[in-house]
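Encoded as structure tokens, the structure appears first; notes follow it.
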Amino acid sequence: MDKLPKDPAVDHPQEVHQSLDPDDWSTFRQQSHRMLDDMLDFVEHLRERPVWQPIPQRSRAQFQMTLPQQGQSLESVHQIFMQDVLPYGPGNSHPGFMGWVQGGGTPVGMLAEMLAAGLNANVGGRDQMPVEVERQIVRWMRELFGFPETASGVFVTGTSMANLMAVLVARTVALGKSVRQQGLRESATQLTAYTSVEAHGCVAQAMDLAGFGTAALRRIPGNDLFQMDAQALEAAIEADRAAGFQPFFIAGTAGSVDVGAIDPLNDIADIAARHQCWFHVDGAFGALGMMSPKIAPLLQGIQRADSIAFDFHKWGQVQYDAGFLLVRDANQHMDAFAAPVAYLRRETRGLAGGSPWPCDFGPDLSRGFRALKTWFTLQVYGAEKLGNIISQTCDLAQYLMQQIAQHPSLELLAPVALNVVCFRYLGDPSDKSSLCNLDDLNRDIVADLHESGVAVPSTTTVRGQLAIRVAIVNHRTNRDNIDAMLNAVMALGKTRCNTAME
Ligand SMILES: *Cc1c(COP(=O)(O)O)cnc(C)c1O
């Protein structure tokens, strides 16, 4: 037992040491099992719940309390979670969730998260097996994307962070390591980057955060299939060169957020090589399509990238969060982030061994064990099954597209490349006097749909028109969920148009 030396000036209680472990492990164990069972019940019976429901005021109020000075029992805090948090989540685990691009998670990933939390490893570095688990994922991703042995990889929160890091690696390659001391002022020419108009907003944000400014990002128009126009890309690079700019970074998209388009990656790789630009792929959800023999051919050229950003938490079905950056050349990757500091000195033996460390490949020092849930997911399900799930979501998108084609009151707004379908409700085509503004109508239908609890698509704007956007990512989503969503869209749309006419 720890005992502090007696200090006569302070009135110490007899035993001053306290820990946060339970006094009674057997009661705690019973409570733990109840908590595990509650979550297993939740996942097993997801389908019986609404996808989403509005948060009652009572539940919000539960989280506007003052800082608790005294604790309460784990059991009672768990009850608050069950009553006020669990029923009012975002719904992305539910098969009726089709909004934005979000994965459903798996029961296996959930258990792996518990194991990771129990171990409580700080995976910033040092000679420990959790770092080896992360390195196993790096090796697997090299294999999946045909990257060389010299490639490095690192877990991050998500693709937004991974894209930012890719810009920083490309910057250091373009300007040399001195840019890390001198900043951008030192460079004589202004660096410019290129991406498609369809690229995710975080690519522009990466240019902003990296200090280039979003104006240094050229947005290249797309073709009819919403893919970057490679000729326009090369023309823009040549024009910038002629005007004295220094083109340094091209971000192709593999699975665009609005419509799921895949840029012509091979053409972009050729152009990047011709103009000495870094070729990055934002494959946030699409890149893991490499696990599906049906989708992989569409991603041809991705193996030529200098870096790939993607998320295991989308099509990979791993629990949030699990973003990843893969870089072809580990030395270039480290040049952008590694920093020698005394308190992180590396040794050849002991816990301070095992260099390089994950913290040499990104801005995070302390970081959790994201690799474990990813490793469990890949080990338990295998790449083939995960790939089949990915194809299944694309097949469902084709099914939805066919259903839309059969209903005169529905209109498809973009070609369906992968798992994303954009469409809208047109009102009753036989009723020419319909007064509905279609953008307002479809926005309302989506909000009504969310509140109905039946399905959760999101919205976007496609060529100036508001679209109901269905992104099928969740492994649980099936045809019944698609039918229920579509029937609800038509029923809610009809009701809205009728009320508008009255
Ligand atoms: C989701 C997504 C992102 C952002 O990824 P996060 O993991 O949410 O940070 C970037 N690009 C594309 C194409 C996406 O679909």
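Using the structure shown, decide if residue 231 is over 23 Å from residue 323 (Cβ atoms) and open to solvent by 30 Å² or more (accessible area, probe 1.4 Å).
It is true that residue 231 is over 23 Å from residue 323 (Cβ atoms) and open to solvent by 30 Å² or more (accessible area, probe 1.4 Å).
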Query raised in the report: Does the range 216-228 include one or more residues that are part of a helix (DSSP H, G or I), surrounded by 21 or more Cβ atoms within 10 Å (Cβ to Cβ) and touching a residue at least 40 places away in the same chain (Cβ under 8 Å)?
Result: no
Query raised in the report: Is it fair to say residue 131 is hydrophobic (A, V, I, L, M, F, W, C) and closer than 22 Å to residue 275 by Cβ?
Result: no
Query raised in the report: Is the range 191-206 home to any residue that is in contact (Cβ under 8 Å) with a residue 40 or more places away in the chain and farther than 24 Å from residue 460 by Cβ?
Result: yes
Report summary line: Of the listed residues (87, 95), the one being outside any helix (DSSP H, G or I) and open to solvent by less than 70 Å² (accessible area, probe 1.4 Å) is 95
Report task. Could you list, in sequence order, all residues of the range 342-371 that are open to solvent by less than 50 Å² (accessible area, probe 1.4 Å), among the aliphatic types (A, V, I, L, M) and out of contact with any strand residue (DSSP E or B) (no Cβ under 9 Å at 6 or more places or on another chain)? Result -> 344, 352
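Could you look through the range 169-178, keep only residues that are open to solvent by less than 30 Å² (accessible area, probe 1.4 Å) and over 21 Å from residue 200 (Cα atoms), and pick out the one that is nearest to the ligand (Cβ to nearest atom)? I'd like the intermediate steps shown before the answer.
Of the range 169-178, the ones open to solvent by less than 30 Å² (accessible area, probe 1.4 Å) are 169-170, 172, 176.
Add one more test, that the residue is over 21 Å from residue 200 (Cα atoms), and what stays is 172, 176.
On the way: 172: 22, 176: 28 Å.
For the range 169-178, the residue satisfying everything is 172.
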Query raised in the report: Any idea which of (1) open to solvent by 50 Å² or more (accessible area, probe 1.4 Å); (2) touching a residue at least 24 places away in the same chain (Cβ under 8 Å) is the one residue 181 doesn't satisfy?
Result: (2)
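What number of residues in the range 29-86 are under 30 Å from residue 488 (Cα atoms) and among the hydrophobic types (A, V, I, L, M, F, W, C)?
Total meeting the criteria: 11.
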Query - Among residues of the range 298-324, those that are more than 13 Å from the ligand (Cβ to nearest atom), open to solvent by less than 10 Å² (accessible area, probe 1.4 Å) and under 26 Å from residue 276 (Cβ atoms), counted - result: 5
Query raised in the report: Given the residues 251, 166, 199, which is the only one that is closer than 22 Å to residue 274 by Cβ, in a loop (DSSP other than H, G, I, E, B) and within 16 Å of the ligand (Cβ to nearest atom)?
Result: 199
Query raised in the report: Of all residues in the range 433-475, which are open to solvent by less than 40 Å² (accessible area, probe 1.4 Å), within 21 Å of the chain's Cα centre (by Cα) and not hydrophobic (A, V, I, L, M, F, W, C)?
Result: 457, 458, 460, 469, 474
Query - Verdict on residue 41 being outside the structural domain of residue 259 (by TED's automatic domain parsing), part of a helix (DSSP H, G or I) and open to solvent by less than 50 Å² (accessible area, probe 1.4 Å) - result: no
Query - Those residues of the range 257-290 which are open to solvent by 20 Å² or more (accessible area, probe 1.4 Å), within 22 Å of residue 397 (Cβ to Cβ) and either away from the ligand (no atom under 11 Å from the Cβ) or in a helix (DSSP H, G or I) (or both), in sequence order - result: 264, 290
Report task. Specify which of the listed residues (99, 103) is touching a Lys or Arg at 6+ places or on another chain (Cβ under 6 Å), within 16 Å of the ligand (Cβ to nearest atom) and at pLDDT 95 or above. Result -> 103
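The values are calculated or read from the model by the stated rules, or taken from the named source; none is laboratory data. Worth saying up front: this structure is predicted, and the values here are computed from it rather than measured. Here the Cβ is made from the backbone with ideal geometry for all residues, glycine too, and neighbour counts use every protein chain on show. Each accessible area value is taken on the protein alone, full model and side chains, heavy atoms only, with ligands, DNA and RNA left out. Shrake-Rupley method; radii C 1.70, N 1.55, O 1.52, S 1.80 Å.
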